[in-house]
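J.: Handing you this structure, nothing more for now.
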Amino acid sequence: MPKLTIRTRLHSGETLASFCSRLAAVNGRPKARHFCADMGFSFQDVVDGSDSALSRLAYLTDIDVKSLRESAIRRTADGYEADGQRVTRNLMIRNRLRLCPECLAADMRSQDEHPLARAWGRRKWLISFIRTCDVHNVSLVECSVQQEPSMIHDFAATVKADHGEILEAAKHSVVREPSAFEHYLLDRIKGHIGAAPFLDALPFYVAARFTELLGAVVTRGLKAPIRGFSGDDWWQAGTAGFSVTSCGEDGIRNWLSEKQASFGGKTGDVGGRALYGRLYETLAHDCDDPAYDPVRKLIREHAIDTLPLGPGDDFFGPITDRRWHSVQSASKDFGLHPKRLRKLLIEADVLSKDAATLANARIMLDAEEIAEFIAEIEGTVSAKEAQELVNAPRVHWGILVDRGYLAPHVGAGAKHGLQFRFRREDVSVFLNRLLANTKQLTDQESELCSIPQAVRRANCKTVEILDLLLAGKLERAFRDPSRHGYMAVLIDPTELREKTMLEDHGGLSLREVERQLRATTNVVKALIEHGHLSARTAVNPINRCPQTVVMPDDLARFQQAYVSLMNLAKERGEHFRKVKNELNSRGVEPAFVADLIGARFYPRAELQ
């Protein structure tokens with residue numbers, strides 16, 4: 001068959017059905033189906049993007065078949081693929097005439113085409129989510145024409161036959177700019193992505209439908225009557241939904257959290273329908289398309305992350321793990337009365353003042369923490385009760401806990417102020433250890449005293465007494481039968497003093513230095529202060545207080561190097577004035593400024 005001599009051009013963005021329809025019109029065939037039959041292929045195959053039909057059409061029109069394939073709307077198992085994007089059948093408008101009246105008017109004014117082939121159908125008009133013309137900033141309209149089956153998809157024939165209906169429908173078009181949502185869809189059709197990665201990863205129709213469903217809840221509430229939505233209603237829903245979905249997973253999670261927050265003051269059961277309304281209903285019950293699974297997964301994971309859901313609950317499928325408990329669910333799982341559990345949580349500062357005002361079903365608790373909390377809270381006592389059981393004074397009780405002699409048991413409650421709750425069994429074990437190395441007191445012995453008294457009398461630390469006692473190193477340790485616990489322990493302070501005395505530092509006290517130098521206290525202090533006599537600070541082995549000492553070697557070196565006027569006079573057996581006058585006559589000066597030291601010291605080297 002020869003190629004066609006009468007042709008029309010294929011517009012960028014035009015449907016192949018429209019192109020074939022206009023081609024039939026200019027070749028004198030009013031209906032595209034008849035024209036295609038004459039050419040040896042099916043018009044429906046052109047509509048469906050069949051390779052054989054496209055190859056035949058490419059030959060007849062002398063157009064590169066690649067260009068025809070790029071313009072084709074291909075039928076798939078579950079819908080269509082156009083411009084590289086998947087759209088399900090119910091979301092493509094192919095059986096009704098949908099158009100921009102301004103575009104159509106501009107087409108009809110064009111002088112470049114045959115009058116029967118001027119108006120052409122755009123692929124973007126067939127996508128239900130696009131409701132505004134991005135060229136003329138007006139809303140698209142649908143014509144309520146009654147087409148016979150042979151006219152479906154036949155754009156040129158329909159425009160010619162229903163011109164009056166089209167003019168009437170055009171009156172309902174309103175002026176408005178395309179929304180950010182529509183711009184995103186149009187950009188995606190053109191292959192421009194990257195501005196909304198979460199949506200980009202979803203099939204085109206899933207990203208669009210999810211955005212509109214979410215927006216319907218935003219604009220019309222949980223019970224949005226979506227079955228009765230007009231085109232303008234969906235346009236508003238898409239605009240509102242895109243402000244959320246374009247922000248990706250974080251933006252969607254934030255919106256979900258806001259819906260949950262508004263539910264916090266209610267007392268009904270937590271569920272997808274109650275929280276997210278039509279969005280959840282549609283995804284859970286009205287649509288089983290697995291392409292929506294990433295959306296369901298996001299909402300499900302957020303719900304599990306933020307709601308008291310667990311085994312026995314259903315949220316886009318059965319819940320197998322639990323991350324959060326409410327007071328109500330925890331009380332059921334662990335068999336505790338909710339009032340008692342709430343009281344324990346308040347005492348432990350787990351519940352803030354704001355949270356404590358919520359209903360039991362709305363108070364959120366970490367599932368692992370609450371399980372550990374309840375497991376460990378049983379059989380434990382408060383710090384005050386434990387101190388009474390141990391019978392230790394406040395200061396000594398603090399030492400027992402801080403130094404780990406008696407450790408708190410409730411690790412899960414540590415961050416909530418429960419670090420000082422103790423297990424009764426641990427208290428009993430500690431008391432048994434404490435008294436295990438004591439003897440029963442039979443006779444009253446005046447030297448024995450309690451641990452707090454022994455600390456003062458022996459000048460030692462409580463931990464030293466406890467370490468010796470627990471290690472069985474005190475021979476005279478007794479227990480008073482008239483008392484219990486910590487205060488029942490009686491110790492001999494003399495024995496304790498001997499076993500806790502520190503190692504001698506080996507230095508001389510300032511009093512001993514005074515005696516050996518035969519000098520006053522002020523003179524010795526002055527010698528040290530001005531650096532003439534070396535000294536250091538050491539701990540007294542008996543009273544454990546810091547003291548200034550002079551090491552024997554340092555004192556010996558000082559005495560070998562210097563001698564006081566009084567000691568020199570005594571060594572010579574002469575009156576100190578005579579010695580002083582003789583030294584002055586020989587020009588021997590004191591080694592140090594006498595007025596600063598308070599005494600005269602001479603260098604022995606100058607006295608030879």
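The values are calculated or read from the model by the stated rules, or taken from the named source; none is laboratory data. Quick caveat, the model's predicted, so the values are computed rather than measured. Every residue, glycine among them, receives a Cβ derived from its backbone with ideal geometry; neighbour counts consider all protein chains shown.
J.: If you take the residues in the range 207-257 that are β-branched (Val, Ile, Thr) and over 25 Å from the mean Cα position of the chain (by Cα), which one is surrounded by the fewest Cβ atoms within 10 Å (Cβ to Cβ)? Let's see the steps before the verdict.
T.: Keep residues of the range 207-257 that are β-branched (Val, Ile, Thr), which gives 211, 217-219, 226, 239, 244-245, 252.
Still in the list and also over 25 Å from the mean Cα position of the chain (by Cα): 211, 217-219, 226, 239.
Values: 211: 27, 217: 24, 218: 19, 219: 17, 226: 20, 239: 19.
If we take residues in the range 207-257 being β-branched (Val, Ile, Thr) and over 25 Å from the mean Cα position of the chain (by Cα), then 219 is surrounded by the fewest Cβ atoms within 10 Å (Cβ to Cβ).
J.: Determine whether residue 515 is assigned by TED's automatic domain parsing to the domain that holds residue 463, at negative phi and of a type in the set (Lys, Arg). Reasoning before the result, please.
T.: Values: assigned by TED's automatic domain parsing to the domain that holds residue 463: no; at negative phi: yes; of a type in the set (Lys, Arg): yes.
So residue 515 fails the test.
J.: So, in the range 544-566, exactly how many residues are assigned to a loop (DSSP other than H, G, I, E, B) and either within 30 Å of residue 495 (Cβ to Cβ) or under 60 Å from the mean Cα position of the chain (by Cα) (or both)? Break it down into steps so the answer makes sense when it comes.
T.: Keep residues of the range 544-566 that are assigned to a loop (DSSP other than H, G, I, E, B), which gives 544-545, 551.
Now narrow it down to the ones that are either within 30 Å of residue 495 (Cβ to Cβ) or under 60 Å from the mean Cα position of the chain (by Cα) (or both): 544-545.
Summing the residues that are assigned to a loop (DSSP other than H, G, I, E, B) and either within 30 Å of residue 495 (Cβ to Cβ) or under 60 Å from the mean Cα position of the chain (by Cα) (or both) in the range 544-566 gives 2.
J.: Please enumerate the residues belonging to the range 92-134 that are under 15 Å from residue 178 (Cα atoms) and either in contact with a helix residue (DSSP H, G or I) (Cβ under 6 Å, 6 or more places away or on another chain) or in a loop (DSSP other than H, G, I, E, B) (or both).
T.: The answer is 99, 100, 128, 129, 130, 131, 132, 133, 134.
J.: Counting just the residues of the range 360-395 that are closer than 22 Å to residue 271 by Cα and modelled with pLDDT under 80, which one comes out surrounded by the fewest Cβ atoms within 10 Å (Cβ to Cβ)?
T.: 361
One line per residue, one yes/no per condition, for (1) farther than 29 Å from residue 231 by Cα; (2) in contact (Cβ under 8 Å) with a residue 40 or more places away in the chain:
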| site | (1), (2) |
| --- | --- |
| 33 | yes, yes |
| 50 | yes, no |
| 53 | yes, no |
| 68 | yes, yes |
| 80 | no, no |
| 106 | no, no |
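J.: Scan the helices (runs of 4 or more DSSP H) fully inside the range 251-343 and keep the ones with 1 or more residues being assigned by TED's automatic domain parsing to the domain that holds residue 237 and in contact with a Phe, Trp or Tyr (Cβ under 9 Å, 6 or more places away or on another chain). Lay out the reasoning, then the answer.
T.: Details: elements: 272-276, 278-281, 293-306, 327-334.
Ranges flagged: 272-276, 278-281, 293-306.
J.: Given the criterion more than 28 Å from the chain's Cα centre (by Cα) and among the charged types (D, E, K, R), identify the matching residue among 369, 376, 425. Lay out the reasoning, then the answer.
T.: On the way: 369 fails: more than 28 Å from the chain's Cα centre (by Cα); 376 fails: more than 28 Å from the chain's Cα centre (by Cα).
Selected residue: 425, the only one of 369, 376, 425 that is more than 28 Å from the chain's Cα centre (by Cα) and among the charged types (D, E, K, R).
J.: Right, here's the next one. Quick one: how many residues across the range 131-186 are over 53 Å from the mean Cα position of the chain (by Cα) and of a type in the set (Val, Ile, Thr)?
T.: Residues that pass the stated criteria total 5.
J.: A further question on this structure: Hey, residue 562 hits all of (1) outside the structural domain of residue 479 (by TED's automatic domain parsing); (2) among the hydroxyl-bearing types (Ser, Thr, Tyr); (3) within 30 Å of residue 472 (Cβ to Cβ) but one; which does it fall short on?
T.: (3)
So that you can scan it fast, the table gives a plain yes or no per residue for (1) within 30 Å of residue 207 (Cα to Cα); (2) at pLDDT 90 or above; (3) within 57 Å of the chain's Cα centre (by Cα); (4) not assigned by TED's automatic domain parsing to the domain that holds residue 199:
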site: 34; (1), (2), (3), (4): no, yes, no, yes
site: 41; (1), (2), (3), (4): no, yes, no, yes
site: 48; (1), (2), (3), (4): yes, yes, yes, yes
site: 73; (1), (2), (3), (4): yes, yes, yes, yes
site: 103; (1), (2), (3), (4): yes, yes, yes, yes
site: 114; (1), (2), (3), (4): no, no, no, yes
site: 120; (1), (2), (3), (4): yes, yes, yes, yes
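J.: I'd like to know if the range 544-556 contains one or more residues that are farther than 23 Å from residue 454 by Cα and in contact with a His (Cβ under 8 Å, 6 or more places away or on another chain).
T.: So far as the range 544-556 goes, yes, one or more of its residues are farther than 23 Å from residue 454 by Cα and in contact with a His (Cβ under 8 Å, 6 or more places away or on another chain).
J.: Are any residues in the range 317-357 in contact (Cβ under 8 Å) with a residue 60 or more places away in the chain and either surrounded by fewer than 17 Cβ atoms within 10 Å (Cβ to Cβ) or out of contact with any helix residue (DSSP H, G or I) (no Cβ under 9 Å at 6 or more places or on another chain) (or both), and if so, which ones?
T.: 349
J.: Tell me whether the range 189-204 contains one or more residues that are more than 54 Å from the chain's Cα centre (by Cα), surrounded by fewer than 20 Cβ atoms within 10 Å (Cβ to Cβ) and at negative phi.
T.: Residues of the range 189-204 more than 54 Å from the chain's Cα centre (by Cα): none.
No, every residue in the range 189-204 fails to be more than 54 Å from the chain's Cα centre (by Cα), surrounded by fewer than 20 Cβ atoms within 10 Å (Cβ to Cβ) and at negative phi.
J.: Filter the range 427-453 down to the residues that are surrounded by 15 or more Cβ atoms within 10 Å (Cβ to Cβ) and at pLDDT below 90 and list them by number.
T.: Filtering the range 427-453 down to residues surrounded by 15 or more Cβ atoms within 10 Å (Cβ to Cβ) leaves 427, 430-431, 434-435, 437-438, 441, 448-452.
Of everything in the range 427-453, just one residue is surrounded by 15 or more Cβ atoms within 10 Å (Cβ to Cβ) and at pLDDT below 90, namely 441.
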